[in-house]
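Worksheet for the structure shown next.
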Amino acid sequence: MRFRLPAALVVAAGLAWVGARGAGPLPPLGAVLDPWNGVWAAARGAELPPSQRAAIPNLGADVQVRFDTRGVPHVFAASLFDAYRAMGFVVARDRLFQLEVQTRATAGTLSELNAAALPLDRENRRLGLAWSAERKWAALAADDPVRQGLEAYADGVNAFIAQMRPADLPVEYRLLGRRPMRWEPRHTFYLLGQMQQTLSWASDDLPYVATQAAFGTAVADWAFPRATFLQEPIQPNGQRTARRDGVGIPEPGTGDPEAARAVGLIAAALGPRRDGTLTERGGEHGIGSNNWAVAPSRSASGKALLAGDPHLNLTLPSIWYEVHVVVPGVLDVAGVTFAGTPGVIIGANRDAAWTYTNTGADVVDFYAESVDVAASPARYWLDGAWVPLESRLETYRDKAGRVLAVDTIRHTHRGPMTRVGGRWVSFRWTAHDPAWGGASVTTFRNSNTVRTVDEYWAAMAPYAVPAQNMLSADRSGNIAIRSTGKFPVRPGTGDGRRLFDGTTRASDWRGYWEVREYPQARNPAQGFLASANQQPMDPKVEPRYLGTGWAPPWRAMRINALLRADSAVTPDAMRRFQTDPGSARADWFVPRVLALLDSAARAGPLPEPARRFQAALAAWDRRYARESTGATVFEVFMPMLARAVWDEFLTGDTTSWRRELEPPGNAQLAQLLDAPASGWWDDRRTTTQRETAPGLVAATAAAAWDTLTARYGGPDDPRAQWGAAFPMQVPHLLRLAPFASPKVGVTSGPHTLAPRNGAANGASWRMVAELGDSVTLQAVYPGGQSGNPFSSRYLDRLDAWAEGRLAPVWMPRAVTDMPADRIASSLVLKAPGGAR
């Protein structure tokens, strides 16, 4: 499934014309349409050559690379560092522009491609992502294997850049009128910093404190709780079903003035991109990642099974790049890597398999600082003395090298500071610690060679950030999971949801949890393990504060229910589970919504639109199949209900701290359905009546039906089917419309095992492994291996992904094991001095 080439070229040419007219950074039209060097050349160089030879400096011996018919490179090298050099070369050949743009995003230099990116650059530098990456690189000794591995990878990237033909230049460079920059070894830390921001910068501190300021601590504790009211934790607690804990629902109370003073400081420190991808609010679509493993006692084959599907914002090309690497006697590993990182991140070797979901722990804290001069401080007050601030100048340039802006970024011993009027706030973030840069790369490298889950645990123990729920299985039949990362130990109650006093070290972190204290399980009695970003540990087992941003438990409840119901799981069942259309959330909400509509009907006739809504919802099987209209009816209704209920949070105030109020999540709305007398059902915006739960639900149902009819033509219109009403479209990395995927209908719904958020979030990689006498792996991701929009390998996996199909992952032991009919391209990378 691909876009039509002529249409893509026409739009690309149009973009170039706009650039030539002064509306952007694009080159004159003639250069873009040059038949030898313009976009046409990118189309000519889109496919892999049948055979190719190239040289890489510092290569110790020739490396054989074979691309199979799925576009996966199989790298056969004599040493680990030579394998990394080859990986750098092949990734650059397929993903060169992606390598650069993701580096520039973290470095805060996107304005050198387009001056319009200056606000984003300033924000990223303020967060200290590039500063942190440079510190991590500087902390590595010259003979550190991590440094040497990253240097080897850079050798490969830069060798490709140096030997590029005109046809090899990615189309994005042609549109921007740029040439590729040199890849530096430290850029891998920039990439990892980007992932740390995506997966660990999210914080509930701001909505918690804003709610505390508006309604008091009791409401804040309920709206953004430390523990979910339905417990289905990652670490098994012996239950056979989710446990509902009794939670009182407080009425709106009096706000806290001290919290109100803190809101602005925390908001300024978080910046404009402060909403994390794993924190669901109100009626928004729930997203997140899943993984699960099944012990031999519950599999049909008597072998361990493992499945993983990390969910991230989707782009073309994918964040992942599939590869198989063989170094005889050292490693034989297959799976996916990040473009820019050596080794395999998620995958399997001959003995074990592993995958991740995000833990979502709270690893960011904020501190109110006192400084000597508010306008331009040089010192901050700490434990009764003035301490010098660390300062650095950040200069931003456009594509011509002209200075666009200069910022002074100041740091306390905790981290960067931000000014809010005459006040300053700093933040501490685990991602900034320079000691953990090398540790993260080391853990990923060591994971590639493990033979057992115990070896995997040992390999990953030093891992720091972003904390991950690391699931593994081995050929001996062991399964294990551990939530791994640096979890701060805070002073006092340990709760991080507040603004700390920055004038004393008594506010600083005391250390970190010990590895033995992490949420974890190995070969549990229930015979399976599962994580879906839910709370890792039952609070009755471990009451200490770990965070609050846990995903609602619906996905965890669904996968645990499927695994409990099947005592003979097959790999194909694991595959089907990954796109299972069932929904524990719908199972919870639909009967309760229908009951409230029945109650409203007993008080008086329902409006016709509400009755039609009621009938459609009652007929729905609560499954998000592509042809379902009931799913569309429900998902039009849910965000409308959330907006109606949480009117107290939706003030419309854009000038005071109240603009930071954020509605509670889906789990709180679920509790309210069982509390129809709660004051939260009353719409405070109406002064002449008091709304009730049945009345508000009935009014929302009627409005939802009217919206459905206006938007999709009614339930009998094909446009109202779930796949048509909420299609998936994977955008290009630069949001260039011609290079986006077609819109496709998918079996994927909020809080299902194929969760989604809008049109561009979903399973970034799906895999299923069976581990017995050998390891077999099946996998898919949306898009393809090539970053060239004109390549047959750009979108060749999309249909299989949308339909929930997996492809066998091939792991030949030697290049001689690869028959010619399975080889699409051969590449020989020559050592210096070798015959060409």
task: Select from the stretch 485-519 the residues that are touching a Pro at 6+ places or on another chain (Cβ under 7 Å) and of a type outside the set (Gly, Ala, Ser) and list them in ascending order.
output: TRP509, ARG510, TYR512, PRO519
- prompt: How many of the residues making up the stretch 473-489 are more than 22 Å from PHE528 (Cβ to Cβ), open to solvent by less than 20 Å² (accessible area, probe 1.4 Å) and assigned to a loop (DSSP other than H, G, I, E, B)?
  reply: 2
- line: Checked the stretch 658-672 for anything farther than 22 Å from PRO750 by Cβ, in contact with a helix residue (DSSP H, G or I) (Cβ under 6 Å, 6 or more places away or on another chain) and assigned to a helix (DSSP H, G or I); matches are GLU660
message: Give me the helices (runs of 4 or more DSSP H) completely within the stretch 72-179, filtered to those with at least 3 residues that are charged (D, E, K, R) and surrounded by fewer than 21 Cβ atoms within 10 Å (Cβ to Cβ), ordered by residue number.
response: 118-127
query: Residues in the stretch 442-453: is at least one aliphatic (A, V, I, L, M) and under 30 Å from ALA117 (Cα atoms)?
result: no
- prompt: Is it fair to say THR816 is over 22 Å from the mean Cα position of the chain (by Cα) and crowded, with 16+ Cβ neighbours inside 10 Å?
  reply: no
- prompt: So which residues in the stretch 217-249 are assigned to a loop (DSSP other than H, G, I, E, B), open to solvent by 30 Å² or more (accessible area, probe 1.4 Å) and farther than 30 Å from GLN526 by Cα, if there are any at all?
  reply: GLY248, ILE249
message: Any residue that is free of Cβ contacts under 8 Å to residues at least 24 places away in the same chain, under 25 Å from VAL373 (Cβ atoms), of a type in the set (A, V, I, L, M) and outside any loop (DSSP other than H, G, I, E, B) - is there at least one of those in the stretch 405-419?
response: yes
message: Restricting to the stretch 441-472, give me the number of residues that are buried (at least 24 other Cβ atoms within 10 Å of the Cβ), assigned to a helix (DSSP H, G or I) and among the hydroxyl-bearing types (Ser, Thr, Tyr).
response: 2
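Quick one: in the stretch 550-606, which of the residues that are aliphatic (A, V, I, L, M) and not in a helix (DSSP H, G or I) is surrounded by the fewest Cβ atoms within 10 Å (Cβ to Cβ)?
Going residue by residue through the stretch 550-606, those that are aliphatic (A, V, I, L, M) are 551, 556-557, 559, 561-563, 565, 568-569, 573-574, 584, 586, 590, 593-597, 600-601, 603, 606.
Those left that are additionally not in a helix (DSSP H, G or I): 551, 568-569, 606.
On the way: ALA551: 28, ALA568: 11, VAL569: 23, LEU606: 20.
It comes out as ALA568.
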field: the stretch 679-693 - residue that is in a loop (DSSP other than H, G, I, E, B) and either among the aliphatic types (A, V, I, L, M) or without any contact (Cβ under 8 Å) to a residue 12 or more places away in the chain (or both) and, of those, surrounded by the fewest Cβ atoms within 10 Å (Cβ to Cβ)
entry: THR688
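Yes/no per residue for (1) of a type in the set (A, V, I, L, M); (2) over 26 Å from SER472 (Cβ atoms); (3) outside any helix (DSSP H, G or I); (4) touching a residue at least 40 places away in the same chain (Cβ under 8 Å):
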| site | (1), (2), (3), (4) |
| --- | --- |
| SER741 | no, yes, yes, yes |
| LEU753 | yes, no, yes, yes |
| GLU770 | no, no, yes, yes |
| GLN778 | no, no, yes, yes |
| SER786 | no, yes, yes, yes |
| PRO789 | no, yes, yes, yes |
| TYR794 | no, yes, yes, yes |
| PRO812 | no, no, yes, yes |
| VAL828 | yes, yes, yes, yes |
field: Of residues in the stretch 501-531 being among the β-branched types (Val, Ile, Thr) and under 30 Å from VAL371 (Cβ atoms), the one surrounded by the fewest Cβ atoms within 10 Å (Cβ to Cβ)
entry: THR504
- prompt: Can you tell me which residue in the stretch 358-387 is nearest to GLY415 (Cα to Cα), limited to those that are open to solvent by less than 30 Å² (accessible area, probe 1.4 Å) and part of a loop (DSSP other than H, G, I, E, B)?
  reply: VAL363
field: Filtered residues of the stretch 38-58 (kept if at pLDDT 95 or above and either open to solvent by less than 10 Å² (accessible area, probe 1.4 Å) or assigned to a strand (DSSP E or B) (or both))
entry: SER51, GLN52, ARG53, ALA54, ALA55, ILE56
query: Only one of GLY665, GLY745, GLY749 is of a type outside the set (Ser, Thr, Tyr) and either on the phi > 0 side of the Ramachandran plot or open to solvent by 10 Å² or more (accessible area, probe 1.4 Å) (or both); which?
result: GLY745
query: Counting only residues that are more than 30 Å from the chain's Cα centre (by Cα) and of a type in the set (S, T, N, Q), which one in the stretch 698-726 is surrounded by the fewest Cβ atoms within 10 Å (Cβ to Cβ)?
result: THR707
field: The listed residue being within 26 Å of ALA802 (Cβ to Cβ), hydrophobic (A, V, I, L, M, F, W, C) and modelled with pLDDT of 95 or more, out of ALA710, ALA720
entry: ALA720
message: Take the residues in the stretch 490-526 that are within 25 Å of the chain's Cα centre (by Cα) and assigned to a strand (DSSP E or B); name whichever of them is nearest to ASP365 (Cα to Cα).
response: TYR512
- prompt: When the stretch 320-331 is examined, which residues are found to be surrounded by fewer than 24 Cβ atoms within 10 Å (Cβ to Cβ) and either basic (Lys, Arg) or closer than 27 Å to SER531 by Cα (or both)?
  reply: TRP320, HIS324
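The values are calculated or read from the model by the stated rules, or taken from the named source; none is laboratory data. Since we're looking at a predicted model, the values are computed, not measured. Note that each Cβ is placed from the backbone with ideal geometry, even for glycine, and that neighbours are counted across all protein chains shown. Quick note on the areas: whole protein, heavy atoms, side chains included, nothing else; ligands and nucleic acids left out. Shrake-Rupley method; radii C 1.70, N 1.55, O 1.52, S 1.80 Å.
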